[in-house]
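Engineer: Have a look at this one.
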Amino acid sequence: MTTLQICLLTSALLFATGFAGAVTRRHAILVLIGIELMLNAANLNLIAFWRFGPHPELLTGFIFVLFSMALAAAEAAVGLALVIAIYRHKKTSNLDEVRDLKG
Amino acid sequence: MRLGGLALKKKMNWIVQYLWLIPALPLVAAGIIAVNKQPQRKLAASLAIGSMAVGFLLSLCAFAATLHHGEGVFREVYSFPWIKFGGQWMDIGWVLDPLTAVMLMMVTFVGMLIFIFSVGYMAHDQNFMRFFCFLALFASGMLGVIIANNLFLFFVSWEIVGLTSYLLIGFWYHKPSAAAAAKKAFITTRIGDLGLLLGMVWLYAQTGTLNLYTADHTGCLEASALSQMATHVTIGGLGVTTAIGLLIFLGAVGKSGQVPLHVWLPDAMEGPTPVSALIHAATMVAAGVFLVARVYPLMSFGAPLTEHGASVTTALTVVTWVGAITAIFSASIAVAQNDIKRILAYSTVSQLGYMMMGLGVGGVAVGMFHLITHAFFKALLFLGSGSVIHGCHEEQDVRKMGGLRKYMPVTFAVYGIGMLALSGFPLFFSGFWSKDEILHHAHKWPVSQIPFYLGCAGALFTAFYMTRQVALVFYGKYRGHADESSHDQSHSSHSSHSSHVAAEDGHDTPHESPAVMTVPLIILAVFAILLSVLGTPAWPWFEGYLKGEATILDWSRFGDTWVLMLVSSVIVLTGITLGVFLYGKRQRQTAEEKDVLEAAQPVVFRILQNKYYIDELYELTVIRFNAFAASFCDFLDTWIFGGAVLLVSYATLGLAWLYRLTDEYFVNLGFDTGCEALRESGGLSSKLHSGRVQTYLRVIGVALVLLILFLIWGRKA
């Protein structure tokens, strides 16, 4: 097992955890946490490939991950704003009860 | 002299160009009378009489024009192109020759006198305007027949004449007998017209032109066209000229009431008496004779002239035989008739037979002379009978008249003159000279002497029945019921004259007619005598005029003819004596008494009285067949053609029902089912939307895994 493989395995585990959390939790904030986890897992993946890839001396991977983190933060803000809007409308943060778009 | 000649030449052209006015004026008069809403009797009568008077003056000008020509027969033609017919122009035109001029003068003059008579006769009729409209229309048609130079124009005018005859016979159409008589007249003459049409079409096909005469001698009656046709032969070896001539003669047979198409003329007496006088004595029935005279060049073509100026051809032989048979046939029927107008009607048929015979044996001049003289004295007799009927309060049966000599002296005098002219009383009366010409030529006919003997027998009968009629009407004791019962009788018989009868309540006895009716009678009587001047053997002006030769007064010609004149005089006097003896001396006392001849020979008399049962024969054969054909056509129409139409309609209905079925079940149902399925699938699809975010995320996750699997391993394949 090379170091790269260990890092990738770790990020995969993190991604799976985040995905499981996003998909199975009832509370809206917890779903957002899961999404954050998935994003960070992806970031870890990127760092691993940068560190153990062909040109580790360039800062390409690092900058890419930095952008990704900024995006994650922005997306978290938007997600929280959505949750607050839904809470104001529906008086609940339980995602099982937000089924207005049911066909 | 030259200037005079030029002026004359111009005058000829003038009248020929304006010849069309002669039939056009009565036509215009008829049109104006027809569109009048309120009855304006004076206007109608003056228009009609005025148009005929102007026509007469123009005819005199035309006659004068034909006199001035030098050698040969005067013939001037005026035609103009009228319509383009299958690539070539068809002309319409009129011709002025002696035949035309003479007929024009006679028709306009006699017509004018009869119109004047009608003013008095129809004064109490409500339909005065309609009568004069039809009379004027008839006059225009008849005059058109006379001047027509074109077969098409001739046929059109011929049909107008037939139509107005129908309209006028059935003038009192609410009488069923009058309506039936009108229908009979029209249909019977139509049968003849069929022959005429066929003959004309054939003539056009043979010669290529519809014009009778043209300026450059290419007309279908002129020598070039006829000689071209002479070589053609049709079925049975009959020459084409003969066949065409016989077909055209068929038209004359119908119109002039020759046997076997004579049956309509006696029934035509249902019309008012002026109609009988004008149409069925003087003019329309003469149109048939005129037709034969007009196409005489065709009918006489090919045969050499005999020394008496007449040709013998097959066609003319047929004409002679038909004429001779008709003459004796109807003269014998007239002996046994009791209606004053029927006697005259059969007499007309008989005299028309004489005219045809004259045309056949002697040529145009002989036949036409008798036509002209006959027109005058027959019109006189009919109008006189109208005066008698009027005076006897619409009584028409001679058995119920008698002794009218005292009550109607003027009518008696002129009627006597007419009767003597018709019988052919020697020397003073035109009928004698004209009939003698016919008998003279019949005697000289090379084919057979039988027409001559038939003609003599007919003359005997004519004298006899006319004497019988005059004796029964004017002599003896008055046998009529000129009191209450006769008023009832006349009420029932002529309802249109009811107002007249009511006005005449004060008159119990027959009375003389007013001057408006007697003056034309007197004029006609004068001509019945004067016309004899035109055709005596000593100075045969008429014959010379028609042929275009000059005639000279030659008393020596009596040397050839005095034997025949004596023979015919004897025949006439025998007939008159017989009539006087049987009817004049031994007058019948009552109306219901049996006729002298009836008592002597009841069977023969019955046959004659019933017109040889010809009508019944036609009823059994032709009419039955016609009815059968009509009912067969009705059957065809109802079941076969109607059936076909019904089948089509049912098929359409069936198809329509099938379409509806298809539409209802296949289209609609299919569409509806499809929409249902779509909606259901939509419903199913919408169930995928649970509204839960987690579900969506799960789906995204699964789809992502599948995509990765595909990308890693699916590509290889």
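The values are calculated or read from the model by the stated rules, or taken from the named source; none is laboratory data. All figures in this text were calculated on a predicted structure; none of them were measured in a lab. Every residue, glycine as well, gets a Cβ built from its backbone with ideal geometry; the counts of neighbours run over all protein chains shown.
Engineer: Could you check the stretch B:185-213 and list, in sequence order, the residues that are among the polar types (S, T, N, Q) and crowded, with 19+ Cβ neighbours inside 10 Å?
Structural biologist: Matches in the stretch B:185-213: B:THR188, B:THR189, B:THR207, B:THR209, B:ASN211.
For (1) out of contact with any Leu (no Cβ under 9 Å at 6 or more places or on another chain); (2) modelled with pLDDT of 90 or more; (3) under 17 Å from B:SER347 (Cα atoms), each residue gets a yes or a no:
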| residue | (1), (2), (3) |
| --- | --- |
| B:LYS444 | yes, no, no |
| B:GLY455 | no, yes, yes |
| B:THR462 | no, yes, yes |
| B:PHE474 | no, no, no |
| B:LYS477 | yes, no, no |
| B:GLU484 | yes, no, no |
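Engineer: Return a yes/no flag: does the stretch B:125-133 have any residue that is under 19 Å from B:PRO272 (Cβ atoms) and free of Cβ contacts under 8 Å to residues at least 60 places away in the same chain. Full working, then the answer.
Structural biologist: Applying the first criterion (under 19 Å from B:PRO272 (Cβ atoms)) to the stretch B:125-133 yields B:125-133.
So of that shortlist, the ones also free of Cβ contacts under 8 Å to residues at least 60 places away in the same chain come out as B:130.
So far as the stretch B:125-133 goes, yes, one or more of its residues are under 19 Å from B:PRO272 (Cβ atoms) and free of Cβ contacts under 8 Å to residues at least 60 places away in the same chain.
Engineer: Can you work out which of the residues in the stretch B:674-695 that are among the basic types (Lys, Arg) and out of contact with any helix residue (DSSP H, G or I) (no Cβ under 9 Å at 6 or more places or on another chain) is farthest from the other protein chains (Cβ to nearest Cβ)?
Structural biologist: Residues of the stretch B:674-695 among the basic types (Lys, Arg): B:679, B:687, B:692.
The next check asks that each one be out of contact with any helix residue (DSSP H, G or I) (no Cβ under 9 Å at 6 or more places or on another chain); those that pass are B:679, B:687.
Working: B:ARG679: 13, B:LYS687: 6 Å.
Among them, the one singled out is B:ARG679.
Engineer: Here is a further query. Out of the residues in the stretch A:68-103 that are at pLDDT 90 or above and under 16 Å from B:GLN694 (Cα atoms), state the one that is surrounded by the fewest Cβ atoms within 10 Å (Cβ to Cβ).
Structural biologist: Restricting to residues being at pLDDT 90 or above and under 16 Å from B:GLN694 (Cα atoms), the top hit is A:LEU82.
Engineer: Hey, could you check the stretch B:696-714 for residues that are more than 9 Å from chain A (Cβ to nearest Cβ) and not hydrophobic (A, V, I, L, M, F, W, C) and say which is nearest to the chain's Cα centre (by Cα)?
Structural biologist: Among them, the one singled out is B:TYR696.
Engineer: Would you be able to tell me the number of residues in the stretch A:52-97 that are outside any helix (DSSP H, G or I), without any contact (Cβ under 8 Å) to a residue 24 or more places away in the chain and either of a type in the set (Val, Ile, Thr) or within 14 Å of chain B (Cβ to nearest Cβ) (or both)? Outline the logic, then answer.
Structural biologist: So the first thing to find is which residues in the stretch A:52-97 are outside any helix (DSSP H, G or I), and the list is A:52-59, A:91-94.
Imposing the further condition that a residue be without any contact (Cβ under 8 Å) to a residue 24 or more places away in the chain reduces the set to A:53-59, A:91-92.
Applying the additional criterion that residues be either of a type in the set (Val, Ile, Thr) or within 14 Å of chain B (Cβ to nearest Cβ) (or both) yields A:92.
Within the stretch A:52-97, residues that are outside any helix (DSSP H, G or I), without any contact (Cβ under 8 Å) to a residue 24 or more places away in the chain and either of a type in the set (Val, Ile, Thr) or within 14 Å of chain B (Cβ to nearest Cβ) (or both) number 1.
Engineer: Hey, does the stretch B:697-717 have a residue that's more than 30 Å from A:ALA20 (Cα to Cα), outside any helix (DSSP H, G or I) and either without any contact (Cβ under 8 Å) to a residue 24 or more places away in the chain or touching a strand residue (DSSP E or B) at 6+ places or on another chain (Cβ under 6 Å) (or both)?
Structural biologist: Yes, the stretch B:697-717 contains a residue that is more than 30 Å from A:ALA20 (Cα to Cα), outside any helix (DSSP H, G or I) and either without any contact (Cβ under 8 Å) to a residue 24 or more places away in the chain or touching a strand residue (DSSP E or B) at 6+ places or on another chain (Cβ under 6 Å) (or both).
Engineer: Within the stretch B:316-360, track down each residue that is modelled with pLDDT under 90 and touching a strand residue (DSSP E or B) at 6+ places or on another chain (Cβ under 9 Å).
Structural biologist: Selection gives B:ASN338, B:ASP339, B:ILE340.
Engineer: Out of all the residues in the stretch A:15-32, which are more than 8 Å from chain B (Cβ to nearest Cβ), among the β-branched types (Val, Ile, Thr) and surrounded by 16 or more Cβ atoms within 10 Å (Cβ to Cβ)?
Structural biologist: none
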